[in-house]
Amino acid sequence: TLVIESPTLVYDGSSLAYEGFNYNPGAVANQNGGFGWGGAWTNVTGNAMYFDIGNLLGYSNAPANYDAHSQGNHLCGYGGSRVGRLLDCSPSGFFGQNGYLNANGDIGAAGKTVYVSFLEQSAMPASFYEFEFHRGDYGDPGRIAGVGNDTSDNDIHFRMPSGNFLDLGPGDGGVNFYVVRIDFHGGNDT
C-alpha cells in the first residue's frame, strides 16, 4: 500500500507543476487538480486506486512546519495498483515556456535541474511500493527511476536510471519526506 500527498500551495509563478490532492473521495479517474499537468490521473494496472480524506503527517521526518501544509487528502494504492499522470510537455505549458523541453519534446533539456518532492508512506514495508519516474510510457518500459522497496530486502532504495539501486535505509511504515534532484545533461542525467 502506498500513500502519497503534497502540501496545499498557491501558484506564485515560480513553480512549474503542483499537485495538492485536494479532491473529494472517489475514483482516480474523476480527479484532475493542480497545474502543470497534461491530463488527469489514470489507473494503469491492478486494482483501482482511490483518494481518501485524511492527514498524512511526516512529523520529524518532514521539514519544520511542513505538516501544517499537509492536512489534505491522500492517494491510496493496493494490490499491485499503478496509477500515473503526465506532465504538460506542450510548447505553451509551464515546462515548454521555461525551456525545460529537449529536442524530443520531453522534459530534460541539457543544463536544467528539476526537483520533485513528495511524502511517501508504505502501510506494509514488506510489500512492493514505489514512487516512479517515467518518460512517455506509464508501464515498465517507460520507468527511468523510482523511490521504494523494489528489491528483495525491506529497505527503501532510489532506483537510478542506470538500473542501480541506492539504499536509503529500512522501510518502517512511517511517512517520509523525499526530495529528488534531477540534473539534465547532454548525455546521462544525474
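The values are calculated or read from the model by the stated rules, or taken from the named source; none is laboratory data. Computed from a predicted model, the values in this text were never measured in an experiment. Just the protein is used for accessible areas: all its heavy atoms, side chains included, with ligands, DNA and RNA removed. Shrake-Rupley method; radii C 1.70, N 1.55, O 1.52, S 1.80 Å.
Computed quantities for the displayed model
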item	result
1.4 Å probe accessible area per residue over the chain, in Å²	52
Amide hydrogen neighbours beyond the local backbone of residue 38, cut-off 5 Å, H modeled	86, 87, 88
Fraction of accessible area attributable to carbon and sulfur, the chain (%, probe 1.4 Å)	51
Answer label for Cα extents along the principal axes in Å (calculated), chosen among [x] 51, 37, 29; [y] 85, 35, 26; [z] 41, 36, 35	[z]
Relative contact order (%) - the chain, alpha-carbon pairs under 8 angstrom, separation at least six	21
Phi to ³J(HN,Hα) by Karplus 6.51 cos²θ - 1.76 cosθ + 1.60 over segment 45-53, Hz, x for Gly, Pro	9, x, 5, 5, 7, 8, 9, 9, 7
Under Karplus coefficients 6.51, -1.76 and 1.60, residue-wise ³J(HN,Hα) of segment 170-178 in Hz, glycine/proline x	x, x, 10, x, x, 8, 10, 9, 10
